[in-house]
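Working notes, beginning with the structure itself.
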Amino acid sequence: MSGSTIIFYLLAALTLVSAVLAVTTRMIFRAAIYLLFSLIGIAGIYFWLQYEFIAAVQIVVYVGGIVVLIIFSIFLTQQAGDELPKQKMGRQLFSALAAFCGLALVLLQIAQHAFVETGGEVVAPTVANIGNQMLGVNDGGYALPFEVVSILLLAALVGCIVIALKSKPEQT
Amino acid sequence: MFRETEIVKDVSSIPPFPQDAVQGGGGAGDLIINVGPQHPATHGVLHLVITLNGETIKKVEPHLGYIHRSIEKMCESLTYRQFIYVTSRMDYLSAHINNHACALCVEKGMQIEVPDRAQVIRVIMDELTRIASHELWWGAMAMDIGAFTPFFHAFREREKINEIMEETCGARLTMNYYVPGGLRADMHPDFQKKVKEFIVLFKRKIDEYDELVTGNIIFINRMKGVGMLSKEDAVSFGCSGPAARGSGVHCDIRKLYPYAVYDKVEFDEILETGCDSLARYMVRIREMKQSVRIIEQLIDHIPEGDFQAKTKAVLKLPKGEFYTRVETARGELGVYIVSEGATTPYRIKFRSPGFSNLSALDSMARGSKLGDLVAMMGTLDLVIPDIDR
Amino acid sequence: MEKEELKTKIAELLPAATFEESGEWLNILVTPADWLSFAGQLRHDERLLFDYLFCLTCIDFKTNLTMVYHLSSTTFRHNIVIKSVLDRARPEIESVSHIWKTAEFHEREVYEMFGVDFLNHPDLRLLILPDGWEGKNPMRKDFEDPVNMIKL
Amino acid sequence: MWSLTNISTGIHDWLIQTFNPTWALIIEMVIAGIAVIGLFAVLGLVLVLMERRVAAWMQIRLGPNRVGPFGLLQSAADTVKLLVKEGMTPDGADKFLFNLAPFIAMMVAMLLMVPIAFAKDFQLWDLNIGVLYVSAVSSIMVISILMAGWASNNKYSLMGAMRSGAQIVSYELSAGLSILTIVVLTGSLNINDIIIAQADGWWIFKGHIPVIISFVIFIIAVTAETNRAPFDLAEAESELTSGFHTEYSGMKFALFFLAEYINVFIVCAIGATLFLGGWMPFHIGNWESFNHVMDYIPSSIWFFGKTFFLIFVIMWFRWTFPRLRIDQLLNLEWRYLLPISMFNLLLATAIAILGWHF
């Protein structure tokens, strides 16, 4: 086993173990932190694949944005140190079933499709290439999805501001 | 209660902080925090229970008594010569002025004529004390706001005053220099020279203070419109001193009810009408300059003569009630002596400026941010032993 | 306003008051029952306007407790002293904290030190003494604390 | 000429010749790790001493002057003190997260060392997205503060953490935008490319006013991001005693303390790299003779000189300004810095496209 493989397995283990812990822990803040580790593990795998740009974006968006958002909502709603109540048996069974179905689906897909080596030339994932691809309007360009997503985000932002402005007069 | 004789073995027997005792607070989403008794913002053992909604203050409730020494009760068993020295420990930053108030009260009761020399030296000492106190306030307040450096700059000049005090009174903080009828000892031969040197230095340095802090945009933003205390409220809360003069209340005892030689010197009563923390800040800064002005007028004209009037060995105040008030660095200090004709006061009450000023804190702080609270406490210039007594 | 003028004015407002002129300021003796309405008049009367309560305290004369209010006017600069004799066994007087806001703290101090009960005080709790203090009032003359008090 | 490059290439060549590639890589990693930890320790000691000396100088006092010659060993003595102190975990705290938080802070600070070019060709990993990497990884920093604030089960800590979270998330925007100004002018995210692009003059001199504006905004934003005064609301000791690290003691506190200083070093290093040319000596256009004279000063001295100059500036802020209030802090970012830096970025883009820079 080469050093590179060991690193891969370590990262994969970090991702999986913290993902499992994130759903099994009954302390909500810890769950958020385990989720964070899981996301960092994924970013690590991107680094391992030498997709540095994707890895950095993964950290910026998920760690710097989403997890901080989750933590803030925990701060504003929860009491420190409280454990969540234990879930009912039925719910536990249902979620286990759902998780198993998801896993089965993924495994099925992997089993059905063979991984073929691409014969084409290797495209270096440099920033310039990513930029060209992202804003390209030619074949394989992502300009339209990019713009659609930004409009979606803009709509979400405007919605947030509207909600934030609305709740003010109610308090007083 | 934990007396010295009892040793607390079981930590769990110590009652918790009175979090549930807060009235009107504790609603949903409210956060109750204890600022003090050990907290960097309180400059002493003051305990504030603050109800917060987010960063916004809903209620401030002071809990006092951590340094209460029952000075009033103590004075009931001390003679009229002795009790003056206890008052140096009240507002330790204006020890001279506290002593002055007590000495004045005893002199009023005994109808002692204080020699001119003692009067003039007393006023110079009082004003030096005021400068020293305001300097310490300036440094400590800047530190509350987050600027550390002014503290050391202020202490550099305060040290000069302390040296002058040390030479003449033998002490640096709790001076005990005044006795009924005059002064305990004559001034040090170098006194005049040193005071003049200090004044020359200080006039230069006070402009430096303005450059360092007063003109700073962050500082002005932190102070302006913070801790509004309207003129009516200031009077109603019994505020006095710079805290009230920042709201435009004409309350300088040195002008209204002149004592010692304050009616013979020229100085201005500083009034600001901003009603906010910046106004209170400016009052103190400008007051230091007025104090310098008073000292300048007197330092070359200290009359010759006795420094102490001839008094009887045992002082006995006639039966009756005597009230004197002086202007300390924090405001109006009243001394109320009820005498039954004995060698000790029957009842003595110190109307301390800090106690009344503190009572205005709650109404000032409501609705402002937690960060503003330190600015307000800074500009009220609270000295905790003065409040607790 | 001079002492005499003040005296006539106050005699108009409260005929039951008794005066004492030995001290520096005019001393007025009122009964606890009269105090609240009289205080309101002192504060709001256009010729008196006593808006500055600069000292509020209590004296234990062993036979009775005497409340002492030092009042001043920031407009006319006159001072008076109000006294009210309370029953030592059950000292009670109306609170004036809604007339002069500073009275709130001073009354709390007098409450714990002398045990005077201020009626209608918004928040009559211990201020200086530690929580859970029970028993006697430290500033009364008969207070004994063998542990902490040193008798000279 | 003596330089760090020769040492590093020498070691690399020797390792490649002596061991097989896997082992050579592992040994190189170990050496790099030890070097980073060593640099950490040294930087921590130096910066703490420097802070105290700068503070003392501004406050007309002497500062540490007893331990060792000129007090140079003071911070070593402090470290020993902190190491042997009891590290307490408060009752009611979430012990796992409470103990984890300082290590996260430390790890983030260590990870940030990766793309920094300390001297010519002396870098741990020449990432092609170096600048993006720094701003991405530094965003994990906020997690450690939030974690510490939450896990302490202390209201002061929680409030400090909330403040710090709001502050860091906001100021990351302007810091990022002012970094982008340089990225736009250079056309690369790679730190080495950015430095090479400054061979004929540092960006601050040849980038016209937009670069100067973004430099100022960068310094303000990173001061806020590292929780330094006048933006030290997260640990405003006159309001929140010590903010998020109120409950920490002993070595765990020291780790937070150290991480703060290392972060200051890193942001200053990034600032020096982007705006002041990193290890690039002071060059003026194509004036070969002058440039050649400047090249005689080793590149590491240029780098550390610039970085420590910026660190001094940030320390100067701390000992001069009063602290802002939380709403003023956020207003400053959202009302002033962010719009200015957005407009500034547009301006810089126009300059880059039209080729107006020198």
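A few points about this structure:
- Selection of the stretch C:80-135 for residues being among the charged types (D, E, K, R), touching a helix residue (DSSP H, G or I) at 6+ places or on another chain (Cβ under 9 Å), open to solvent by 60 Å² or more (accessible area, probe 1.4 Å) and within 9 Å of chain B (Cβ to nearest Cβ) yields only C:Lys101.
- Number of the condition not met by B:Val326 [criteria: (1) open to solvent by less than 10 Å² (accessible area, probe 1.4 Å); (2) of a type in the set (A, V, I, L, M, F, W, C); (3) over 19 Å from B:Val114 (Cα atoms)]: (3)
- B:Ala342 being closer than 17 Å to C:Lys141 by Cβ, open to solvent by 10 Å² or more (accessible area, probe 1.4 Å) and out of contact with any Cys (no Cβ under 6 Å at 6 or more places or on another chain): yes
- Top-ranked residue of the stretch D:150-160 - restricted to ones that are within 13 Å of chain B (Cβ to nearest Cβ) and assigned to a helix (DSSP H, G or I), ranked as nearest to D:Gly87 (Cα to Cα): D:Ser157
- The helices (runs of 4 or more DSSP H) found wholly in the stretch B:178-251 and carrying at least 3 residues that are more than 25 Å from B:Leu358 (Cβ to Cβ) occupy B:191-209, B:217-223.
- Condition met for D:Leu276 (surrounded by 22 or more Cβ atoms within 10 Å (Cβ to Cβ), farther than 22 Å from D:Ala55 by Cβ, within 19 Å of the chain's Cα centre (by Cα) and among the aliphatic types (A, V, I, L, M)): yes
- Scope the stretch A:2-18; condition modelled with pLDDT of 90 or more and open to solvent by less than 40 Å² (accessible area, probe 1.4 Å); matching residues: A:Leu11, A:Ala12, A:Thr15, A:Ser18
Let's see how each residue does on (1) open to solvent by less than 30 Å² (accessible area, probe 1.4 Å); (2) more than 9 Å from chain D (Cβ to nearest Cβ); (3) of a type in the set (Val, Ile, Thr); (4) under 22 Å from D:Ser170 (Cα atoms):
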{"residue": "A:Phe37", "(1), (2), (3), (4)": "no, yes, no, no"}
{"residue": "A:Phe47", "(1), (2), (3), (4)": "no, yes, no, no"}
{"residue": "A:Gln50", "(1), (2), (3), (4)": "no, yes, no, no"}
{"residue": "A:Phe53", "(1), (2), (3), (4)": "no, no, no, no"}
{"residue": "A:Gln58", "(1), (2), (3), (4)": "yes, no, no, yes"}
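- In the condition set (1) closer than 28 Å to B:Glu340 by Cα; (2) within 12 Å of chain B (Cβ to nearest Cβ); (3) of a type outside the set (Asp, Glu), C:Leu49 is compliant with all but (1).
- Filter result (free of Cβ contacts under 8 Å to residues at least 24 places away in the same chain and either part of a helix (DSSP H, G or I) or more than 15 Å from B:Val314 (Cβ to Cβ) (or both)) within the stretch B:79-99: B:Val86
- Members of the stretch D:173-202 that are farther than 23 Å from A:Val57 by Cα and under 19 Å from the mean Cα position of the chain (by Cα): D:Ile195
- The set of residues in the stretch D:213-246 being among the small types (Gly, Ala, Ser), more than 8 Å from chain B (Cβ to nearest Cβ), more than 17 Å from D:Ile143 (Cα to Cα) and open to solvent by less than 10 Å² (accessible area, probe 1.4 Å) consists of D:Ser214, D:Ala221.
- Figure legend. Inter-residue proximity from the stretch C:62-79: first residues within 10 Å of another protein chain (Cβ to nearest Cβ) and closer than 15 Å to C:Gly23 by Cα, second residues open to solvent by 10 Å² or more (accessible area, probe 1.4 Å) and part of a loop (DSSP other than H, G, I, E, B), beta-carbon distance below 7 Å, spacing 6+ or different chains. Indicated pairs: C:Asn79/C:Trp25.
- Note on the stretch B:38-51: residues that are open to solvent by 10 Å² or more (accessible area, probe 1.4 Å) and either of a type in the set (Asp, Glu) or over 14 Å from D:Tyr156 (Cβ atoms) (or both) total 3.
- Wholly within the stretch B:336-381, helices (runs of 4 or more DSSP H) carrying at least 2 residues that are within 10 Å of chain C (Cβ to nearest Cβ): B:353-359, B:361-365
- Among the candidates D:Leu124, D:Leu180, residue that is open to solvent by 20 Å² or more (accessible area, probe 1.4 Å) and part of a helix (DSSP H, G or I): D:Leu180
- Considering residues of the stretch A:136-157 that are closer than 17 Å to A:Gly65 by Cβ and either of a type outside the set (Gly, Ala, Ser) or in contact (Cβ under 8 Å) with a residue 24 or more places away in the chain (or both) only, the residue least open to solvent (accessible area, probe 1.4 Å): A:Val149
- Selection status of D:Ala77, surrounded by fewer than 24 Cβ atoms within 10 Å (Cβ to Cβ), within 18 Å of the chain's Cα centre (by Cα) and more than 9 Å from chain A (Cβ to nearest Cβ): no
- Scanning the stretch B:202-255 for residues that are over 21 Å from the mean Cα position of the chain (by Cα) and on the phi > 0 side of the Ramachandran plot yields a total of 1.
- So B:Ile145, is it in contact (Cβ under 8 Å) with a residue 24 or more places away in the chain, away from chain D (no Cβ under 14 Å) and open to solvent by less than 20 Å² (accessible area, probe 1.4 Å): no
- Considering residues of the stretch B:111-142 that are without any contact (Cβ under 8 Å) to a residue 40 or more places away in the chain and within 16 Å of the chain's Cα centre (by Cα) only, the residue surrounded by the fewest Cβ atoms within 10 Å (Cβ to Cβ): B:Gly139
- Flag: D:Leu337 does not match the condition of being touching a residue at least 12 places away in the same chain (Cβ under 8 Å), in a helix (DSSP H, G or I), open to solvent by less than 50 Å² (accessible area, probe 1.4 Å) and more than 25 Å from B:Gly371 (Cα to Cα).
- Any hit, the stretch D:53-69, residues being within 14 Å of chain A (Cβ to nearest Cβ), aliphatic (A, V, I, L, M), part of a helix (DSSP H, G or I) and surrounded by fewer than 23 Cβ atoms within 10 Å (Cβ to Cβ): no
Condition check ((1) at pLDDT 85 or above; (2) over 27 Å from B:Leu104 (Cα atoms); (3) in the same structural domain as B:Ile295 (by TED's automatic domain parsing)) across all residues:
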position: B:Ala140; (1), (2), (3): yes, yes, yes
position: B:Cys169; (1), (2), (3): yes, no, yes
position: B:Gln192; (1), (2), (3): yes, no, yes
position: B:Val195; (1), (2), (3): yes, no, yes
position: B:Val200; (1), (2), (3): yes, yes, yes
position: B:Ile206; (1), (2), (3): yes, yes, yes
position: B:Glu211; (1), (2), (3): no, yes, yes
position: B:Ile217; (1), (2), (3): yes, yes, yes
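- Any hit, the stretch B:307-315, residues being assigned to a strand (DSSP E or B) and more than 14 Å from chain C (Cβ to nearest Cβ): yes
- Scanning the stretch B:252-269 for residues that are in a helix (DSSP H, G or I) and either touching a Lys or Arg at 6+ places or on another chain (Cβ under 9 Å) or of a type in the set (A, V, I, L, M, F, W, C) (or both) yields B:Ile253, B:Leu256.
The values are calculated or read from the model by the stated rules, or taken from the named source; none is laboratory data. Computed from a predicted model, the values in this text were never measured in an experiment. Here Cβ is always computed from backbone atoms with ideal geometry, including for glycine, and neighbour counts include all displayed protein chains. Surface accessibility is based on the protein's heavy atoms, side chains included, excluding ligands, DNA and RNA. Shrake-Rupley method; radii C 1.70, N 1.55, O 1.52, S 1.80 Å.
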